[in-house]
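Read the structure below first, then the notes.
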C-alpha cells in the first residue's frame, strides 16, 4: 500500500474577503530555516495594494458601525479559530525558525493576544474618552474614533505573534487594515487570513498581502486613502528608507507610527492601549444644556 | 438687494463710538529688536529686525527681532540647558509657576487685550472676552495637571520629551501661545516658541510675565521672525517635539521635514467646516451660530463654519434671515467696543480672500455682502455670503480664512453627511436641529475632530481640540492633550 500524497495549499493573497493570486502573476519562493522549499507565496504588486485599499475603505464603515460588543465577539472568534489551527501554525512557524518549542509558545501567545484585544473593544473608549467639565452650560464629551484605513508593515521575524500584535489593536476601534506580511516568513500570515475568513470578520476589514516589503511599503505609504501607517515591520531599515516612507505619508497628513530601532520582543505583554489609540482620533461633541 | 430679502424690519441701530484706550497697549515699552532667550533679552546675531503694523490703520507699531539660525541654535541650547532642572522639579512646584503666569495674565488682561487688538486687528470685544480670558484659563487648567501626571492615562510617572519647538499662527496669537506653552511646561518640557510674523507683540509681552513669575531661565524662549525662523526651529536637531498650528501646506512640509527623525509631531491645520442646518432647527439660534461660526475673528479661524449646508426647504428663509442679521454687523475700528468685525490681519491675507471670492463669482455662485462702508486705511473685507455654490467650487473646497460663507443645500441627512465630509479637511462641524437622535447620528458620521451641536466655536481648556484627515493630528486641551508632551515611563524620550 503506497503512502498517501498530501494535498498542498496554494498560497494566495487575501483581499476583500477573497483569496486571489497576485494580479501580476508573480510568486515568491518561500524556504524554511533549513533551506527546504515550502511554498510559492503570491508576490503582491502595486495594483494588489490598491485593490486591497479599495476593499478596506469599502468595508471600514460597517466594521466601525458594528457595536463594540459585536466587534469583541468577532475578534474573540479569531482566537477560537486560531486555537483550532494551532498545530498548523506551530508547524509553519517551526519550519520557518527551526524551533518547535518556541513555535508552540508563539501560537499560544498569539491566541491569548487576540483574546486580550477582543476584550478591549467595549472598554478602551472609556479609558481614552472623557466627559469634559467645561466652564459653561454645555454637555461635552470626547471619545476615540477609528482613523479609517490603516496600512501596516508587519514585523519581519515574529510571523504570527508580531503580526497579531500589530493587526489586532488596529481592528479594535473599527479600522480596516491592509497588512504586508513578513517577507521572509509569509506562510503564517496566509494561514491567519484563512482564520480571519472563517471568523465572521467582514470581508475587506483585514487584507493580507505577501510579497516584497520594500516594493509594497512605499505604495501603501503614498496611497491617499490610507489614513494610518504602521512602520513597525521596517525595524532596522536605514534612516533614509524610513524618511522616504514618511515623506510619502505626509502627502495627506497620514498618521505614522514610526519604525522601532529593532523588532520589539512580542512575547512581552502589551503595556497599554497605545496600539489601539494610535489608530484613533478623539472626537469632541458639544451641546448646550437648557430647558 | 438680495433676491432672498424679506421685510424683517430695518436694522437701523446707531451706536456712539466707544473706543478702548489705545495707550493701555503700552506700545512704547514693547521689547523691540530683541529675543527672549535663556531668560534674557538678546539681540539677534545679525541684528535683523522686521516691522509689525496695525492691520486696521497700517501704522508702524514696532520693530521686532528676526531670529536667524544662530539665534534658533542659541534658544534651543537654552531650552536644553533648562530641561534637566525643570523636568526634575516636583510637579507641584512647576504647577505653581504656571499658576503665577495665569494670575499675572489675569491681572494684566486689559493691557493684553488692547495690545492684541492693536497688533492683530481683531475686535477688542473678542480679545477682552475670549482670547485673553481663555488663554489664562488654559494656563490655570494645565498648572493643576503638573503634579497629577500619573493620571494622564500613560501609566505611572510618565516622562517629558525634552525641548518642544512650537510655531503658532496669527489668528489667536496669545491664545495659541497658551495652548502650546501650558501643556508643554506643565508636563516638564522646555519650550522654544515662535510667534507669527505679523503678530509678535503679545508673545513678547508674555515673556515679561515669565520674568515677573521668576520662571527659571531657558524654560520658555521666544524667537520672533518669519517663515524662515519657524522652518529653522522645527528642523532643529536639538528639538525633541514639534507642535505646529497653521496651514495644511506648511504642516505637510513639517511632517516631511521630520520624516525619519523619530521626533514627535502634532499638527493643527486648516479646515472647511460644514455648519448643517435642518428645517426643524431653532432658526434664531442657528442664525446666531452661523454668524458666530464664520464672522467671529473675521473668519480667521481654522474651525470656522465656512460651509453652510441648509436643508433645501428652509434655504431661502435661512439666507434671508442671515443677510438681515449680517446687515447689523458693525465693521470698523477694532478698538471700538461695539465693533463686531475687525480688520483682516494682513495685506497678503486680504489678497487671498479677495482672490478666492472672485473665484467664487467666476465659478457661478451668487455673491452678496453687507455693503457696509470700509475705513479708508487698513485691510478690510465685508462679511460676504455666496449662494448657489457648487460642491466642486473653490469656495466650497479651499480654506478662505476670511469672512466669506458658502451656502449649499441638502435634502436628506445622508446627503448632508456626504457633502459635509467631502473635503480633505476634518477639523470641525456644526449641527442645528431640535431632534436629539439626529444630532447623535450625525455626530457619529461627521469626519471632524470637534462637533458643535446647536452651538458653534466653543473652546475650553478641559475639552480636547484637534482635527482628523488633513486637518492634522494630536489634541490640545484636556487629559488627551497631555499625551502630546509625554511618554510612558521606560520608553524613549529625553
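The values are calculated or read from the model by the stated rules, or taken from the named source; none is laboratory data. All figures in this text were calculated on a predicted structure; none of them were measured in a lab. Note: ideal-geometry Cβ built from the backbone for every residue, glycine included; neighbour counts use all protein chains shown.
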_Please pick out the residue among A:52, A:44, A:79, A:59 that is free of Cβ contacts under 8 Å to residues at least 40 places away in the same chain, closer than 28 Å to residue A:202 by Cβ and surrounded by 17 or more Cβ atoms within 10 Å (Cβ to Cβ)._
A:79
*Filter result for residue B:99 (touching a residue at least 60 places away in the same chain (Cβ under 8 Å), assigned to a helix (DSSP H, G or I) and either within 16 Å of residue A:135 (Cα to Cα) or in the same structural domain as residue B:210 (by TED's automatic domain parsing) (or both))*: no
*Does residue B:263 satisfy the condition of being out of contact with any strand residue (DSSP E or B) (no Cβ under 7 Å at 6 or more places or on another chain), closer than 30 Å to residue A:236 by Cβ and surrounded by fewer than 23 Cβ atoms within 10 Å (Cβ to Cβ)?*
no
*Within region B:33-46, is there a residue that is in the same structural domain as residue B:201 (by TED's automatic domain parsing), farther than 16 Å from residue B:220 by Cα, touching a residue at least 60 places away in the same chain (Cβ under 8 Å) and out of contact with any helix residue (DSSP H, G or I) (no Cβ under 6 Å at 6 or more places or on another chain)?*
no
*Since residue B:233 meets every condition but one in (1) in contact (Cβ under 8 Å) with a residue 24 or more places away in the chain; (2) part of a helix (DSSP H, G or I); (3) within 14 Å of chain A (Cβ to nearest Cβ), which condition does it not meet?*
(3)
_Can you tell me how many residues within region B:404-438 are more than 30 Å from residue B:341 (Cα to Cα) and within 14 Å of another protein chain (Cβ to nearest Cβ)?_
7
*What is the residue count in region A:276-291 for residues that are within 16 Å of the chain's Cα centre (by Cα) and closer than 22 Å to residue A:247 by Cα?*
3
*Do the conditions hold for residue B:330, that is, is it touching a helix residue (DSSP H, G or I) at 6+ places or on another chain (Cβ under 7 Å) and surrounded by fewer than 22 Cβ atoms within 10 Å (Cβ to Cβ)?*
no
*asked:* I'd like to know if region B:278-285 contains one or more residues that are buried (at least 24 other Cβ atoms within 10 Å of the Cβ) and either in contact (Cβ under 8 Å) with a residue 24 or more places away in the chain or more than 14 Å from chain A (Cβ to nearest Cβ) (or both).
replied: no
*Evaluate region B:245-257: report whether one residue or more is in contact with a helix residue (DSSP H, G or I) (Cβ under 6 Å, 6 or more places away or on another chain), away from every other protein chain (no Cβ under 11 Å) and not in a loop (DSSP other than H, G, I, E, B).*
yes
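Here is a yes/no grid of residues against (1) surrounded by fewer than 23 Cβ atoms within 10 Å (Cβ to Cβ); (2) in the same structural domain as residue B:433 (by TED's automatic domain parsing); (3) under 14 Å from residue B:350 (Cα atoms):
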residue	(1), (2), (3)
B:374	yes, yes, yes
B:384	no, yes, yes
B:400	no, yes, yes
B:404	no, yes, yes
B:410	yes, yes, no
B:418	yes, yes, no
*For region A:143-150, does any single residue satisfy the condition of being more than 18 Å from the chain's Cα centre (by Cα) and either crowded, with 16+ Cβ neighbours inside 10 Å or within 13 Å of chain B (Cβ to nearest Cβ) (or both)?*
yes
_Every residue in region A:93-136 that is out of contact with any strand residue (DSSP E or B) (no Cβ under 6 Å at 6 or more places or on another chain), within 14 Å of chain B (Cβ to nearest Cβ) and either farther than 28 Å from residue B:471 by Cα or in contact (Cβ under 8 Å) with a residue 60 or more places away in the chain (or both), please._
A:124, A:127
_Failed item, numbered, when residue A:67 is tested on (1) under 30 Å from residue A:174 (Cα atoms); (2) in contact with a helix residue (DSSP H, G or I) (Cβ under 9 Å, 6 or more places away or on another chain)_ = (2)
*asked:* Out of the residues in region B:172-197 meeting the condition of being under 16 Å from the mean Cα position of the chain (by Cα) and assigned to a loop (DSSP other than H, G, I, E, B), tell me which one is farthest from residue B:89 (Cα to Cα).
replied: B:197
